[in-house]
Structures are given as structure tokens and as C-alpha cells.
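What follows is calculated from the coordinates using simple rules that are stated; it is not laboratory data. Predicted model, so just to flag it, every value in this text is computed and none were measured. In this analysis, Cβ positions are derived from the backbone assuming ideal geometry, glycine residues included, and neighbour counts consider all displayed protein chains.
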Amino acid sequence: MGPLISPSVLSCDFANIQRDVEMINRSAADWFHVDVMDGVFVPNISFGFPVISAIKKHANLPLDVHLMIQNPDQYIGEFKKAGADILTVHYEACTHLHRTIQAIKAEGMKAGVALNPHTPVDLLQDIVADLDLVLIMSVNPGFGGQSFIKNALLKVEQTKNLIHRTGSHALVEVDGGVNLQTGSELVKAGADVLVAGSFVFNSSDPIETISNLKALR
């Protein structure tokens, strides 16, 4: 059983989103990774609710929505309405993280927490048992196509150890610079879910690329 693969639609052809969503539907992918950026928490702006709703209309797989925004609490219900199945917030953006996680679950979504490259894993000690997902950022969030930060491998191992120690059932997801080489190292370190954007969509055969990622052991 290989890792779950969550292609990042941030790297798709925005003029042909339906075509690219249907291509992912036909592939071995497990989720759609949807990055939401507000231009404040990160220096970029991406999808809003209408685009997420449009993706949901054509997607046959769960929407794995990653919020890189300030004050995510005020939009949790809106993301549920737009079609999010998994909602991940940043540790660094949440003053009352436990309350945010409970609000996500109250809407019927799975709840995740993302950590920026500089944020230590042990800060999740008191919340990890409540999580469905921990997202390790292996690049600085905000833009696709960045180089992989090697320290993410250690953070994946640390996260997996924390999950085992606390009896959590959370999956470990990694986003940033994922390709066949880094993906293989991440899976060996304990990653359960790989997010891949430019590596998939810039390849000559995205469906084959997704299959190759799925086959990593």
C-alpha cells in the first residue's frame, strides 16, 4: 500500500480547471489538494469559495483544503459549504487552536494542522490526539515550485513518533518540493500523504506521474 496522493490544483491550468480536475479523477490520486491563500498570512492570493465550489462540482475525490490565511475561524462554515472534506489550518495562524479544531469537526469535516518549516513538532503535543491530519510544510508556504527543505524528513519522523506516543490516528501529510526522490525519502520517514503540484502538472504524463508517486514504498 503506497502513500495517499493529493495533487495540488494550485499548479493546474487555471483556464482549464475542469479538464485538469477530470484528469485527476481518472488517475490513481486519492484527494485534491486545494491551497487557499489570503495575501496576508502568506505573500500570495489563490482560490476563493466560488472556485472551490466549481472544483467540487467536478471532483470525484475528497477536497483536502489547506488554509494559509489569518483568522480561519470566521470562514470554517463557508469552506464546508464550498465542498471541503478535510480542512487544515496553520498552527501559526490560530490563537485558540483547540477551539478551531472543534469547530471544523462540528461542521463534519476532518481537521488538520499545518506546521511551517521553522515550527517545532512538539508544539502539537496537546492537540495531536484530536487531529485527523498533520501537514508538514517542506517549503515556505505561499508559492509552488520551491526546493525541498531537507529538515522536513526529521520532522516527519518526529511527528510519527508523537502520533504513536499519544495514540493519535492522525495521518502525516507533506507539502512542498515532492518528487519521486524526495517522495521516496518521505515515505520511508513515515509520511502517509504526499502533496505534489508542479511535479505532477508540469510532467509530460501527469497520470503516470501520479501512479509513480503512488507506487513509492
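Between beta-carbons, use under 11 Å as the cut-off and find the net charge around Ala93, counting Lys and Arg +1, Asp and Glu -1.
Taking every Cβ under 11 Å from that of Ala93, the sum is -3.
How much space per residue, in cubic angstrom, does the convex hull of the C-alpha atoms of segment 64-139 take up?
Expressed per residue, the convex hull around the Cα atoms of segment 64-139 is 83 Å³.
Quick check: Cα centre of segment 162-185 to Cα centre of segment 111-151, how many Å?
Value for the Cα centre distance between the two parts: 9 Å.
If you wrap a convex hull around the alpha carbons of segment 4-214, what volume per residue comes out, as a whole number of Å³?
106 Å³
Non-local amide H neighbours of Ala114 (under 5 Å, H modeled in plane, Pro and chain starts lacking H): which ones?
Val89, His90, Tyr91, Leu135
If the cut-off is a Cα-Cα distance under 12 Å, which aspartates and glutamates reach Lys188, setting aside same-chain residues fewer than 8 apart in sequence?
Glu157
Work from the charge dipole of the chain (Cβ charges, +1 for Lys and Arg, -1 for Asp and Glu, about the Cα centre) and give the residue of Cys12, Val65, Ile24 farthest towards its positive end.
The listed residue farthest towards the positive side: Ile24.
Go ahead and collect, in residue order, the members of segment 181-217 whose backbone nitrogen is under 13 Å from a label point 7 Å along the Cα-Cβ direction of His164.
Hits in segment 181-217 for His164 at 13 Å: 189-191.
What's the exposure ranking of Thr209, Thr159, going from fewest to most Cβ atoms within 10 Å?
The most exposed by this proxy come first: Thr209, Thr159.
Treat every Asp and Glu Cβ in segment 4-214 as -1 and every Lys and Arg Cβ as +1, leave all other atoms uncharged, and give the resulting dipole magnitude about the Cα centre to the nearest 20 debye.
Computed about the Cα centre, the dipole is about 180 debye.
Quick one: which residues, 5 or more positions from Ser8 or on another chain, have an amide H under 5 Å from its amide H? H modelled 1.01 Å from N in the peptide plane, none for Pro or chain starts.
Amide H neighbours of Ser8, under 5 Å, 5+ apart: His33, Ala196, Gly197.
If you take the charge dipole of the chain about its Cα centre, with +1 on Lys and Arg Cβ and -1 on Asp and Glu Cβ, which of Ser53, Ala82, Met1 is farthest toward its positive end?
My answer, from the dipole projection, is Met1.
With a 10 Å radius around each residue's Cβ, average the other Cβ atoms per peptide and rank 3-9, 149-155, highest first.
3-9, 149-155
Could you check what % of the DSSP bridge pairs in the chain are antiparallel, to the nearest 5?
The answer is about 5 percent antiparallel.
Could you work out the relative contact order of the chain, using alpha carbon pairs under 8 angstrom and six or more residues apart, expressed as a whole percent?
Averaging sequence separation for qualifying contacts and normalising by length gives 23 percent for the chain.
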